[in-house]
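Asker: Dropping the structure in here first, questions after.
What follows draws every value from the coordinates through simple rules; no lab data is involved. Keep in mind the model is a prediction, meaning the values are calculated, not measured. Note that each Cβ is placed from the backbone with ideal geometry, even for glycine, and that neighbours are counted across all protein chains shown.
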Amino acid sequence: MKALVKYAYEDGALEVRELPEPVAGPGTVLVRVHTVGVCGSDIHMWHDSQSKSSKGVLPVTLGHESAGVIAAIGDGVGGWSVGDRVVCETAASICGVCALCRSGRYNLCPWREGYGLKRDGAMAEYLVAEPRVLHRIPDGVPFERAAMTEPFAVAYNAVVERASVVPGDLVVVQGAGAIGLCALQVAIVRGAGTTVVLGTGIDGKRLAKATEMGADRVVDITREDPLEVVAGLHDGLGADLVVEATGVSAALEQSMQLVRPGGAIAKVGWGPQPLGFTLDPLVKKAVTLYGCYSHTWSTWENVLRLFASGRLHPELALGGTYDIDDWEEAFSAMQRGDHVKSVLRTPFGASSPETGVTA
């Protein structure tokens, strides 16, 4: 089977390889991948610019935003059938017995192994999965949109489960990439009174997309001072919530300036840079800083329901669909800022673009 493999800790050490097809062992299923989303972390892996904590095993097949169908079922698995349309959570393996797993916070399990990092991921024709990570794709949600479940789940965790938006809030999103614009949509659904999205010069097309998604204000921070913009909104005291979705250290410093006293910052972005500035504003303003990581079963179910109901619109973030052999252009298009999100199709996806979808 074809698989996109990172094979060395070097810039550019990524290629499509022919690998043996995996099999469904006891307690697992084999998913035939149809569509898989490209994450910013995949681009970092391509350039070997990922954080130290994002280094796993090599060689490894990338990809953790999958949508496909069940191709085979291993012994001991019930409740699923060959042909079921599914998406897979990213926690390929957890210990299942630590206090975090037992309390439902398995996304934080210290022994968690993620797809595309420590387990072979979904940028391949087949993926092995435990049934606990499977979710049925609702009728009417095509594979391309279903493959967007994971980034929306990240945003949902940040904006609903961690730093909850209150209806009427002023919400500022730093970063016009996929997670930032997913967070924008979730904040709007949650009832934010005013939403502002910040980007840079490379984000022209993505800031326009943010406006299309419903942002009340977009700011190119190389042209306008975001502090002045935010100071002119609501009561002038700052944002109730700042979503830091860039991973750039300077953005956290800016978020502490943008947030109002008693407000909150949801830090979603990853980045290897050191801080180099004081965190005293968090203390002086009594700001709550939330680390936001991954998601759990209920997060995915809620996002899929919002897709099915039309309250979230993954299609607005989708900029291009590419064959897996054209992965480099898919990655580059996101890196250039041409669009928010690229997805890859396997040969199965290319031959059956909407299998099993009802209108």
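Asker: Round to the nearest 0.05 the FRET efficiency obtained for Arg132 and Lys55 when R0 = 30 Å and r is the Cβ-Cβ distance. Write down the numbers at each step before the final one.
Answerer: Details: r = 26 Å, r/R0 = 0.86.
About 0.70, to the nearest 0.05.
Asker: Helix-only mean residue ellipticity at 222 nm, the chain, DSSP H runs n ≥ 4 weighted -39,500 (n - 2.57), per residue, nearest 500. What is it? Don't jump to the answer; show the numbers that get you there.
Answerer: Values: 12 runs with 96 residues, N = 359.
The helix contribution divided over the chain gives -7000 deg cm²/dmol.
Asker: Now, a different point. Out of all Cα-Cα pairs in the chain, roughly what percent, to the nearest whole number, are more than 25 Å apart?
Answerer: Numbers: 33311 of 64261 pairs.
Here the tail beyond 25 Å accounts for 52 percent of pairs.
Asker: Express the C-alpha Rg of segment 233-302 as a ratio against the empirical globular expectation 2.2 N^0.38 Å, rounded to two decimals.
Answerer: Values: Rg = 13.4 Å, N = 70, 2.2 N^0.38 = 11.1 Å.
The reported ratio for this selection is 1.21.
Asker: Cβ neighbours within 10 Å, averaged per peptide: list 256-268, 323-335, 148-160 in order, most packed at the top. Don't skip to the end; give the middle numbers.
Answerer: On the way: 256-268: 21.2, 323-335: 18.1, 148-160: 27.3.
Ranked by mean Cβ neighbours within 10 Å, highest first: 148-160, 256-268, 323-335.
Asker: What order do you get for Cys182, Cys292, Cys101, Cys88 when you list them from fewest to most C-beta neighbours inside 10 Å? Before the final figure, lay out the partial values.
Answerer: Values: Cys182 31, Cys292 24, Cys101 19, Cys88 28.
Placing the least packed residue first, the sequence is Cys101, Cys292, Cys88, Cys182.
Asker: Could you give the size of the charge dipole of segment 265-340 about its Cα centre, using +1 on the Cβ of each K and R and -1 on the Cβ of each D and E, expressed in debye and rounded to the nearest 20?
Answerer: Numbers: 6 positive and 9 negative charges, 164 e Å.
Roughly 780 debye for segment 265-340.
Asker: Among His339, His313, Thr299, which residue has its Cα furthest toward the positive end of the charge dipole of segment 210-342, with +1 on Lys/Arg Cβ and -1 on Asp/Glu Cβ?
Answerer: Going by the charge dipole, the pick is Thr299.
Asker: Right, something else. Pick out, from Val173, Trp327, Gly349, the residue whose Cα sits farthest towards the positive end of the charge dipole of the chain, with +1 on the Cβ of Lys and Arg and -1 on the Cβ of Asp and Glu.
Answerer: Val173
Asker: Got the relative contact order for the chain handy, in percent, Cα pairs under 8 Å and 6 or more residues apart?
Answerer: On the way: 831 pairs, mean separation 66.1, N = 359.
After rounding, I find 18 percent.
Asker: How much net charge surrounds Ser255 when only other residues with a Cβ under 10 Å from its Cβ are counted (Lys, Arg +1; Asp, Glu -1)?
Answerer: Working: positive: Lys267; negative: Glu244, Glu253.
Its environment carries a net charge of -1.
Asker: Is the C-alpha gyration tensor of segment 81-182 telling us rounded, prolate or oblate? Criteria: a/c under 1.5 is rounded; beyond that, a/b larger than b/c is prolate, otherwise oblate.
Answerer: Numbers: a/c = 1.87, a/b = 1.25, b/c = 1.49.
Judged from the Cα gyration tensor, segment 81-182 comes out oblate (a/c at least 1.5, b/c at or above a/b).
Asker: For segment 94-235, calculate the relative contact order in percent as a whole number, restricting contacts to Cα pairs under 8 Å that are 6 or more residues apart. Intermediate values should be presented prior to the final figure.
Answerer: Numbers: 162 pairs, mean separation 19.9, N = 142.
Over segment 94-235, the number comes to 14 percent.
Asker: So if each residue of separation counts as 0.36 nm, and I subtract the Cα-Cα distance between Ser352 and Ser103, what length gain in nm does that give? Let's see the in-between values first.
Answerer: Details: separation 249, 0.36 × 249 = 89.64 nm, distance 3.99 nm.
Gain on extension, Ser352 to Ser103, equals 85.6 nm.
Asker: Sticking with this one: Please rank Glu21, Glu10, fewest neighbouring Cβ atoms within 10 Å first, as an exposure proxy.
Answerer: By the 10 Å Cβ count, ascending: Glu10, Glu21.
Asker: Using the Cβ atoms and a cut-off under 15 Å, what net charge is assigned to the surroundings of Ser342, where Lys and Arg are +1 and Asp and Glu are -1?
Answerer: On the way: positive: Arg145, Lys205, Arg206, Lys209, Arg336, Lys341, Arg345; negative: Asp42, Glu65, Glu144, Glu150, Glu315, Asp323, Asp325, Asp326, Glu328, Glu329, Asp338.
That sum, taken over residues with Cβ under 15 Å, equals -4.
Asker: If you don't mind, there's one more thing I want to ask. Search the structure for amide H atoms under 5 Å from the amide H of Val86, placed 1.01 Å from N in the peptide plane, and list their residues when 5 or more places away or on another chain.
Answerer: Here Gly68, Val69, Ile70, Ile137 satisfy the definition.
Asker: Using the Cα centre as the reference, give the magnitude of the dipole from point charges on the C-beta atoms of the chain (Lys, Arg: +1; Asp, Glu: -1; all else neutral), rounded to the nearest 20 debye. Can you show the working numbers first?
Answerer: Values: 31 positive and 41 negative charges, 195 e Å.
It comes to approximately 940 debye.
Asker: Rounded to the nearest 0.05, what FRET efficiency do His234 and Lys205 have when you use their Cβ-Cβ distance and R0 = 30 Å? It would help to have the intermediate numbers written out before the result.
Answerer: On the way: r = 28 Å, r/R0 = 0.95.
Efficiency, from the Cβ-Cβ distance: 0.60.
Asker: Just report the Cα centroid separation between segment 77-112 and segment 280-346, whole Å.
Answerer: Result: 20 Å between the Cα centres.
Asker: If you don't mind, another one. Based on the alpha-carbon gyration tensor of segment 233-359 and its eigenvalue square roots a ≥ b ≥ c, which shape applies: rounded if a/c is under 1.5, prolate if not and a/b is larger than b/c, or oblate? Numbers along the way, then the final one.
Answerer: On the way: a/c = 2.81, a/b = 1.84, b/c = 1.52.
Prolate shape, in that a/c is at least 1.5 and a/b is the bigger ratio.
Asker: Taking the alpha-carbon centroid of each part, what is the distance from segment 1-56 to segment 192-218 in angstrom?
Answerer: Segment 1-56 and segment 192-218 have Cα centres spaced 31 Å from each other.
Asker: For segment 152-291, what is one quarter of the convex hull surface built on the Cα atoms, given in nm²? Write down the numbers at each step before the final one.
Answerer: Details: hull surface 29.9 nm².
For the Cα atoms of segment 152-291, the hull's average projected area reads 7.5 nm².
Asker: Give me Val23, Val87, Val219 ranked fewest to most by other Cβ atoms within 10 Å of their Cβ, as a rough exposure proxy. All intermediate terms of the calculation are to be shown ahead of the outcome.
Answerer: On the way: Val23 11, Val87 28, Val219 24.
Least crowded to most crowded, the residues run Val23, Val219, Val87.
Asker: Normalised by the number of residues in segment 34-156, what is the relative contact order in percent for Cα pairs under 8 Å and 6+ residues apart? Numbers along the way, then the final one.
Answerer: Working: 192 pairs, mean separation 40.1, N = 123.
For segment 34-156, the relative contact order is 33 percent.
Asker: Please compute the modelled spin-label separation between Ser309 and Ala250, points set 7 Å along Cα→Cβ, answer in nm with one decimal.
Answerer: It is 4.0 nm.
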